[in-house]
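Novice: Structure below; questions to follow.
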Amino acid sequence: MSPAQPVIQTEGLTKHFRRFYTRRVVQAVNGLSLSVEPGTAFGLLGPNGSGKTTFIKMLLSSIVPTAGTAHLFGKDCRNPEARRQVGYLPENHRFPTYNTGRQMLHFYAALSGSSRDERVTRAGELLERVGLADWADVRIGKYSKGMLQRLGLAQALMHRPLLLMLDEPGDGVDPVGRRMIRDLLQELQQQGTTIFLNSHLLAEVELFCDDVAIIQRGELALTGRLDQLTAGSGYQLSSPDAAEGAFNELREKTASIASNNGMVRLQFADREALNEGIDILRNHGSQIEEVQRQRSTLEDVFMRTIEESKEER
């Protein structure tokens with residue numbers, strides 16, 4: 001794979017299911033084209049039933065597309081060699097409950113062709129890293145849901161993949177566990193691993209991902225750099241002692257003025273208006289506590305995109 005070649009590349013990827021009795025066609029994924037660059041943390045977002053898991057399963061060749069193409073590392077995803085460097089944590093995964101965590105890691109690593117010595121070393125490292133070292137030789141039937149998620153992540157990492165695909169990795173994990181997972185994923189990304197993440201936990205995606213794509217009813221509704229999608233154009237200035245004499249001048253420059261517990265907060269539409277407001281406050285001897293660039297949250301962007309998509313339909 002050349003340095004500039006995407007790790008994931010799809011063109012018009014489509015999957016239609018036909019219900020057996022009604023013969024009704026369900027469009028799970030419809031003409032989805034995406035590109036994920038090496039070393040990126042990419043978040044795939046969408047409401048329930050939007051086609052996220054179907055899209056991932058087509059990339060892993062466990063579902064055959066109706067139309068379109070999908071490539072991993074520049075190779076057709078149907079080629080087993082294309083998937084050899086992929087680690088996968090599915091949603092609602094199941095492990096045999098009579099095995100221990102260590103036994104399960106050995107089993108999955110053996111499937112990928114890892115040697116016994118490598119399995120022994122790697123399993124110990126990962127069990128420690130995901131906080132399961134004390135549970136390594138306990139049967140999986142005694143694990144909580146959050147522990148199963150962490151074991152599933154360790155399983156996906158046993159063969160040191162270059163692409164890690166995670167379907168709802170934070171499902172059922174407590175805040176401490178989610179922080180542990182996020183730290184581990186950031187460490188992997190710094191080492192060059194590409195992370196492809198499907199999650200409903202928008203706050204976690206916002207903390208971690210570089211790029212996001214939002215799909216609705218199987219179609220791409222929005223994609224781009226996270227920092228650009230959440231960037232705002234306004235500014236908020238806080239002043240603890242804004243002089244009354246400044247208010248009349250400020251009203252012409254601000255979008256809004258609010259006062260709470262002795263702190264005056266001024267909203268400015270752009271940088272020019274902000275600087276003029278600062279000059280007015282300084283001329284009246286007022287102090288400036290804080291200036292913040294206004295940003296949208298990922299949740300704001302997500303809800304706005306979904307609503308706009310519904311209106312277009």
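Novice: Which of the residues belonging to the stretch 129-148 are in a helix (DSSP H, G or I) and either hydrophobic (A, V, I, L, M, F, W, C) or free of Cβ contacts under 8 Å to residues at least 40 places away in the same chain (or both)?
Specialist: From the stretch 129-148, those in a helix (DSSP H, G or I) are 129, 133-135, 140-142, 145-148; that's our starting set.
A133, D134, W135, I140, K142, K145, G146, M147, L148, listed by residue number.
Novice: Given (1) free of Cβ contacts under 8 Å to residues at least 24 places away in the same chain; (2) touching a helix residue (DSSP H, G or I) at 6+ places or on another chain (Cβ under 9 Å), where does D183 come up short, assuming only one miss?
Specialist: Among (1) free of Cβ contacts under 8 Å to residues at least 24 places away in the same chain; (2) touching a helix residue (DSSP H, G or I) at 6+ places or on another chain (Cβ under 9 Å), the lone unmet condition for D183 is (2).
Novice: Quickly run through the stretch 156-168 and pick out the residues that are within 27 Å of G49 (Cβ to Cβ) and part of a helix (DSSP H, G or I). So that I can check it myself, show each step before the final result.
Specialist: Start the filter on the stretch 156-168 by keeping residues that are within 27 Å of G49 (Cβ to Cβ), which leaves 156, 163-168.
Once the filter is applied, which keeps residues that are within 27 Å of G49 (Cβ to Cβ) and part of a helix (DSSP H, G or I), the stretch 156-168 yields only A156.
Novice: Given the criteria at pLDDT 85 or above and at negative phi, does D241 qualify?
Specialist: Numbers: at pLDDT 85 or above: no; at negative phi: yes.
Here the answer is no, as D241 does not meet what is asked.
Novice: Could you list, in sequence order, the residues of the stretch 263-290 that are in a loop (DSSP other than H, G, I, E, B) and among the basic types (K, R)?
Specialist: Going residue by residue through the stretch 263-290, those that are in a loop (DSSP other than H, G, I, E, B) are 269-270, 284-289.
Passing the criteria: none in range.
Novice: Of all the strands (runs of 3 or more DSSP E) wholly in the stretch 188-262, which have at least 2 residues that are without any contact (Cβ under 8 Å) to a residue 60 or more places away in the chain?
Specialist: Working: elements: 194-198, 211-216, 219-225, 231-239, 256-260.
Passing ranges, in order: 219-225, 231-239, 256-260.
Novice: Only one of (1) over 12 Å from G43 (Cβ atoms); (2) assigned to a helix (DSSP H, G or I) is not met by D171, so which one is it?
Specialist: (2)
Novice: Could you list, in sequence order, all residues of the stretch 56-99 that are assigned to a strand (DSSP E or B), surrounded by fewer than 17 Cβ atoms within 10 Å (Cβ to Cβ) and touching a Pro at 6+ places or on another chain (Cβ under 9 Å)? Quick ask: steps written out before the conclusion?
Specialist: First, pick out the residues of the stretch 56-99 that are assigned to a strand (DSSP E or B): 67-72, 75-76, 86-89.
Add one more test, that the residue is surrounded by fewer than 17 Cβ atoms within 10 Å (Cβ to Cβ), and what stays is 67, 69, 75-76.
Hits for the stretch 56-99: nothing passes.
Novice: Shifting gears a bit: Do you know which of the residues in the stretch 254-268 that are in contact with a Gly (Cβ under 9 Å, 6 or more places away or on another chain) and either polar (S, T, N, Q) or modelled with pLDDT of 80 or more (or both) is surrounded by the fewest Cβ atoms within 10 Å (Cβ to Cβ)? Before the answer, list the steps.
Specialist: So in the stretch 254-268, the residues in contact with a Gly (Cβ under 9 Å, 6 or more places away or on another chain) come out as 254-255, 266-268.
Narrowing further to those that are either polar (S, T, N, Q) or modelled with pLDDT of 80 or more (or both): 254, 266-268.
Numbers: T254: 22, L266: 29, Q267: 17, F268: 24.
Selected residue: Q267.
The values are calculated or read from the model by the stated rules, or taken from the named source; none is laboratory data. Quick caveat, the model's predicted, so the values are computed rather than measured. Counting neighbours? That spans all protein chains shown, and the Cβs are built from the backbone with ideal geometry, glycine included.
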